Amino acid sequence: MLTLAIDTSTTAIGVAVLAGDAEPVRAVVLDARAHTEHLAPLVADALARAGATPAEVTDIAVGTGPGPFTGLRVGLVTAVTMGYALGVPVHGVGSLDVLAEQAFAATGDDVGEVLVATDARRREVYWARYARTADGARALGEPAVEAPAQVPEHTRMLPTAGRGPLLYPDAFPRPVADVLDVDPAALGAIARRRAAAGVPMPVEPLYLRRPDALTTAERAAR
Amino acid sequence: MADQPLVLGIETSCDETGVGIVRGETLLFDAIASSVDEHARFGGVVPEVASRAHLEAMVPTIERACREAGVTLGDVDAVAVTSGPGLAGALMVGVASAKALALALGVPLHGVNHLASHVAVDIVEHGPLPEPTLALLVSGGHSSLLLVPDVTDDVRSLGSTIDDAAGEAFDKVARVLGLPFPGGPHIDRMAREGQVVIDFPRGLTGGRDAERHRFDFSFSGLKTAVSRWVQAREAAGEPVPVADVAASFQEAVTDVLTRKAIDACRTHGVGHLQVGGGVAANSRLRALAQERCDAAGIQLRVPRPGLCTDNGAMVAALGAQMVLKGRAPSDLAIPADSSMPVTQVSA
Ligand SMILES: [Zn+2]
């Protein structure tokens, strides 16, 4: 098994190579404005440092967001194109799911629920609530995009992963230390676990917002 | 034939997801997925809608191009992609996909200029480009006169639009006339039923502009003139002769385009004119260009309409020239450059 994991939904442009049970090799750059430039070189770098060639990749995992659209798509199109070219399966994993697992790994068993809140720009966050279970983080509802104050208050008081607390410390007072961006190695591990359990993992981008444009009919109705 | 490079080209600078496959100077297949129907209800191309459609269409279009061309990805010698200019978010989908292909297949990547690709596509249609060639590129996104000594590394801009692109003017006038988006084909069709009876303005053709902007274009004044003319009719309670307005507007656009292109050929001593871009599908532009080239002793080259609009074959055609001429491939770190200058052929 040689899993290539890619996530471009948060500020980190992240790649990891998981070869068998070996320690994952990561290649990460923090630059939310230059996904197109960084991602392919990071994939090449991570594979090289893992001593692997692209042809040896057996499956690809990719974060499906939610995240700012243009960056998110760079990760998704890279994953699906490589998957097609190499003839290997591509697994889609919700990016907030990964942050939730990272949060549970970083906190004690006494933390049974967490909030994940990431930067959605426009003074909003992508958010979802998760419960700790025996087989990983379980989402308590669909991810949403809202202004921080719109997130229910009792939810905002949960330990919170992602950049939400960094950007809006008043709204999210309990940050989970050091869990800011998606860790591609954690993403790869979740994909492997779900694949082994036969969970379907479609590669569908989670945009949550519709394109900013009015149809001719909508304009006329204004 | 088999020793000729097999190049896969990807184009996503606007609303067409194009994947073309060229061997040397021969087109094997050109696959296109268009999101134009999704944009029609917005009355114009919406960048985010286009980008979402590119992501969905990318792999299926690559797959179809390979299947119809009768090749497998393993046969591909190089990958070419439009790295600019165009809609930033749309370009990024194609550039990232091309990089992923090049990386997975272990072949070189060539990031190329969209406009130079519009010129290069005629190689797979009509054979090697005369050097130099003069090119008139007209579409919804560009209106340019180019002098092209070598399409792989020497493209010079003689002039371009200073406001709207020619295709944009067609879309805007179509809206004024109550015709659907995209406007080009509808105006072309209406114009055939009308007469050129209204003398609309020819931008940048008179007085000082004719010298200062000799090879530049301007279409926003024309669009305003058409809309004022229509409004005056409506205000007077008279019916608008849509076919005549369409024919007269189309005549004004194609007159200026061809007049300036012929002038550029003469000025630079070039005996060949190539017309490309979506507006090259306009029947009046083709006819008028032919008529004026014949009169001036200039040879006209216009690729078939499907190769004039944005497509992957043009990118593959230029990529193949890059390989044949031994041009250095692009780095995997190249950006998608939405404002890539026309003079920069490769990234
Ligand atoms: Zn074009």
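The values are calculated or read from the model by the stated rules, or taken from the named source; none is laboratory data. Please read all numbers here as calculations on a predicted model, not as lab measurements. Cβ coordinates were reconstructed from backbone atoms using ideal geometry, including for glycine residues, and neighbour counts include every protein chain displayed.
Residue-by-condition table, conditions (1) among the acidic types (Asp, Glu); (2) within 16 Å of the ligand (Cβ to nearest atom); (3) closer than 21 Å to B:LEU324 by Cα:
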site: B:GLY89; (1), (2), (3): no, no, no
site: B:PRO108; (1), (2), (3): no, no, yes
site: B:HIS114; (1), (2), (3): no, yes, yes
site: B:VAL119; (1), (2), (3): no, yes, yes
site: B:ILE123; (1), (2), (3): no, no, yes
site: B:LEU129; (1), (2), (3): no, no, yes
site: B:SER139; (1), (2), (3): no, yes, no
site: B:VAL151; (1), (2), (3): no, yes, yes
Filtering segment A:163-197 for residues that are in a helix (DSSP H, G or I) and more than 16 Å from A:SER95 (Cα to Cα) leaves a count of 5
Please specify each residue of segment A:12-33 satisfying the condition of being within 11 Å of A:GLY71 (Cα to Cα) and modelled with pLDDT of 95 or more. A:ALA12, A:ILE13
Within segment A:70-114, the residues that are β-branched (Val, Ile, Thr), more than 26 Å from A:GLY141 (Cβ to Cβ) and in contact with a Leu (Cβ under 7 Å, 6 or more places away or on another chain) are A:VAL74, A:VAL77, A:THR78, A:THR81
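Those residues that are within 10 Å of chain B (Cβ to nearest Cβ) and in contact (Cβ under 8 Å) with a residue 40 or more places away in the chain, I need them from segment A:61-71; list them, please.
Once the filter is applied, which keeps residues that are within 10 Å of chain B (Cβ to nearest Cβ) and in contact (Cβ under 8 Å) with a residue 40 or more places away in the chain, segment A:61-71 yields A:PHE69, A:GLY71.
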Among residues of segment B:156-171 being assigned to a strand (DSSP E or B) and within 14 Å of the ligand (Cβ to nearest atom), the residue surrounded by the fewest Cβ atoms within 10 Å (Cβ to Cβ) is B:SER160
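So which of A:VAL125, A:VAL111, A:VAL151 is more than 14 Å from chain B (Cβ to nearest Cβ), over 26 Å from B:ALA90 (Cβ atoms) and in contact with a Ser or Thr (Cβ under 7 Å, 6 or more places away or on another chain)? So that I can check it myself, show each step before the final result.
Numbers: A:VAL111 fails: in contact with a Ser or Thr (Cβ under 7 Å, 6 or more places away or on another chain); A:VAL151 fails: in contact with a Ser or Thr (Cβ under 7 Å, 6 or more places away or on another chain).
Being more than 14 Å from chain B (Cβ to nearest Cβ), over 26 Å from B:ALA90 (Cβ atoms) and in contact with a Ser or Thr (Cβ under 7 Å, 6 or more places away or on another chain) holds for just one of A:VAL125, A:VAL111, A:VAL151, which is A:VAL125.
Given the criterion in contact with a strand residue (DSSP E or B) (Cβ under 8 Å, 6 or more places away or on another chain) and either crowded, with 21+ Cβ neighbours inside 10 Å or of a type in the set (Gly, Ala, Ser) (or both), identify the matching residue among B:LEU204, B:LEU222.
Selected residue: B:LEU204, the only one of B:LEU204, B:LEU222 that is in contact with a strand residue (DSSP E or B) (Cβ under 8 Å, 6 or more places away or on another chain) and either crowded, with 21+ Cβ neighbours inside 10 Å or of a type in the set (Gly, Ala, Ser) (or both).
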Test for A:TYR130: is it aromatic (Phe, Trp, Tyr) and farther than 30 Å from B:VAL45 by Cα: yes
Of all residues in segment B:257-313, how many are closer than 27 Å to B:ALA191 by Cα, within 16 Å of the ligand (Cβ to nearest atom) and touching a helix residue (DSSP H, G or I) at 6+ places or on another chain (Cβ under 8 Å)? 19
Return the residues of segment A:18-59 that are in contact with a Ser or Thr (Cβ under 8 Å, 6 or more places away or on another chain) and within 10 Å of chain B (Cβ to nearest Cβ); say none if nothing qualifies. A:HIS35, A:LEU39, A:ALA40, A:VAL43, A:LEU47, A:VAL57
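Please go through segment A:198-222 and give me each residue that is without any contact (Cβ under 8 Å) to a residue 12 or more places away in the chain and not in a helix (DSSP H, G or I), ordered by number. Quick ask: steps written out before the conclusion?
Quick first cut of segment A:198-222, residues without any contact (Cβ under 8 Å) to a residue 12 or more places away in the chain only: A:198-200, A:210-222.
Listed by number, the residues that qualify are A:GLY198, A:VAL199, A:PRO200, A:ARG210, A:PRO211, A:ASP212, A:ALA213, A:LEU214, A:THR215, A:ARG222.
Residue under question is A:ALA79, and the condition is that it be within 14 Å of chain B (Cβ to nearest Cβ) and either part of a helix (DSSP H, G or I) or basic (Lys, Arg) (or both); does it hold?
Details: within 14 Å of chain B (Cβ to nearest Cβ): yes; either part of a helix (DSSP H, G or I) or basic (Lys, Arg) (or both): yes.
Yes, satisfied.
Any residue at all in segment B:4-19 that's touching a Lys or Arg at 6+ places or on another chain (Cβ under 6 Å), polar (S, T, N, Q) and in a loop (DSSP other than H, G, I, E, B)?
Of segment B:4-19, the ones touching a Lys or Arg at 6+ places or on another chain (Cβ under 6 Å) are B:4, B:6.
Adding the requirement that they be polar (S, T, N, Q) leaves B:4.
Pick out the ones that are also in a loop (DSSP other than H, G, I, E, B) and you get B:4.
Looking through segment B:4-19, at least one residue is touching a Lys or Arg at 6+ places or on another chain (Cβ under 6 Å), polar (S, T, N, Q) and in a loop (DSSP other than H, G, I, E, B).
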Mind listing whichever residues of segment B:32-46 are within 10 Å of chain A (Cβ to nearest Cβ), in a helix (DSSP H, G or I) and more than 21 Å from A:LEU76 (Cβ to Cβ)? B:HIS39, B:ALA40
What single numbered condition from (1) out of contact with any strand residue (DSSP E or B) (no Cβ under 9 Å at 6 or more places or on another chain); (2) within 28 Å of A:ALA144 (Cβ to Cβ) fails to hold for A:THR53? (2)
Would you confirm whether or not segment B:286-295 contains a residue that is surrounded by fewer than 21 Cβ atoms within 10 Å (Cβ to Cβ), within 15 Å of the chain's Cα centre (by Cα) and not polar (S, T, N, Q)? yes
Can you tell me which of (1) closer than 30 Å to B:THR258 by Cβ; (2) more than 14 Å from chain A (Cβ to nearest Cβ) is the one B:GLY319 doesn't meet? (1)
Given the conditions (1) surrounded by fewer than 24 Cβ atoms within 10 Å (Cβ to Cβ); (2) within 16 Å of the ligand (Cβ to nearest atom), and given that B:THR254 satisfies all but one, which numbered condition is not satisfied? (2)
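Which one of B:ALA102, B:ALA90, B:ALA174, B:ALA96 is within 14 Å of another protein chain (Cβ to nearest Cβ) and surrounded by fewer than 24 Cβ atoms within 10 Å (Cβ to Cβ)?
When all the criteria are applied, what remains is B:ALA174.
Here is a yes/no grid of residues against (1) of a type in the set (Phe, Trp, Tyr); (2) within 25 Å of the chain's Cα centre (by Cα); (3) modelled with pLDDT under 95:
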site	(1), (2), (3)
B:ARG208	no, no, yes
B:GLU211	no, no, yes
B:GLY221	no, yes, yes
B:ALA225	no, no, no
B:PRO239	no, no, yes
B:ASP244	no, no, no
B:SER248	no, yes, no
Working only within segment B:5-59, note down all residues that are of a type in the set (S, T, N, Q) and either touching a helix residue (DSSP H, G or I) at 6+ places or on another chain (Cβ under 7 Å) or in contact (Cβ under 8 Å) with a residue 60 or more places away in the chain (or both). B:THR12, B:SER13, B:THR17, B:THR26, B:SER35, B:SER51
Within segment B:91-106, which residues are away from the ligand (no atom under 16 Å from the Cβ) and not hydrophobic (A, V, I, L, M, F, W, C)? B:SER97, B:LYS99, B:GLY106
